[in-house]
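Reading through the structure tokens given below for one structure.
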Amino acid sequence: MKILIGSWFYLPRMGSEVFSAMMKEGVVYDKKLGFKLDPATDLELAVRTISAGLGDEVELTVRCFLCGTEACPGCPYIETCDRSRVSSLCLCEKHSPEKDVYELYQKTYADSAGR
């Protein structure tokens, strides 16, 4: 299962023990929207719990900080990146090779910080 950090996703019912563990690990739950991994989530533990509950491996992905699309496809670091520990300020394949991306990155960061 692929989970985009910061986005809502659905899981099948996995029992009260798994659900309780996910809540303790900081996974956000909404009856209508499903589940979400956010900055307060202990990603390593949550991924382990979800994987065990599903009986399947969980792959984390992150959004491009500039355009919001999934940043992992096409990333040259995909094989070595630990997405449970990486910053959520990644760049997608479209933006990472741009020469003037640093200025756009700074502007987006300043806008998100409310400056």
Given [x] 29, 16, 11; [y] 24, 19, 16; [z] 37, 20, 10 as possible values of semi-axes √(5λ) of the Cα gyration tensor in Å, the one from the coordinates is [x]
Under Karplus coefficients 6.51, -1.76 and 1.60, residue-wise ³J(HN,Hα) of region 67-73 in Hz, glycine/proline x:
10, x, 7, 4, 8, 6, x
Under a point-charge model restricted to the Cβ atoms of Lys and Arg (+1) and Asp and Glu (-1), what is the dipole moment magnitude of the chain relative to its Cα centre, in debye to the nearest 20?
360 debye
Calculated from DSSP H runs of 4 or more alone, at -39500 (n - 2.57) each and per residue, what is the 222 nm mean residue ellipticity of the chain, nearest 500?
-8500 deg cm²/dmol
Treating only the Cβ of Lys, Arg, Asp and Glu as charged (+1, +1, -1, -1), what charge dipole size does region 2-60 show about its Cα centre? Round to the nearest 20 debye.
280 debye
Which ³J(HN,Hα) values, rounded to whole Hz and listed in residue order, are derived for region 9-21 from phi using the Karplus coefficients 6.51, -1.76 and 1.60 in 6.51 cos²θ - 1.76 cosθ + 1.60 with θ = phi - 60°, glycine and proline given as x?
8, 10, 10, x, 5, 10, x, 5, 5, 5, 4, 4, 4
Along the charge dipole of the chain, which of Leu37, Cys92, Leu60 sits closest to the positive end, that is, farthest toward it, with unit charges on the beta carbon of Lys, Arg, Asp and Glu (+1, +1, -1, -1)?
Leu37
At a 10 Å Cβ-Cβ cut-off, how would you order Phe65, Phe9, fewest neighbours first?
Phe9, Phe65
Subtracting the Cα-Cα distance of Val18 and Glu57 from 0.36 nm times their residue separation yields 12.5 nm
Report, to the nearest 10°, how far helix 43-54 tilts away from the longest principal axis of the Cα atoms in the chain, using its own Cα long axis and a range of 0 to 90°.
50 degrees
List every residue whose amide H lies under 5 Å from the amide H of Ala71, counting only residues 5 or more places away in sequence or on a different chain, with H placed 1.01 Å from N in the peptide plane.
Val62, Arg63, Cys64
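A short reminder: the numbers here are calculations on the coordinates, not readings from a lab. Bear in mind that the values here come from a model prediction, so they are computed numbers and not experimental data. Using ideal geometry, Cβ is built from the backbone for each residue, glycine included, and neighbour counts are taken over all protein chains shown.
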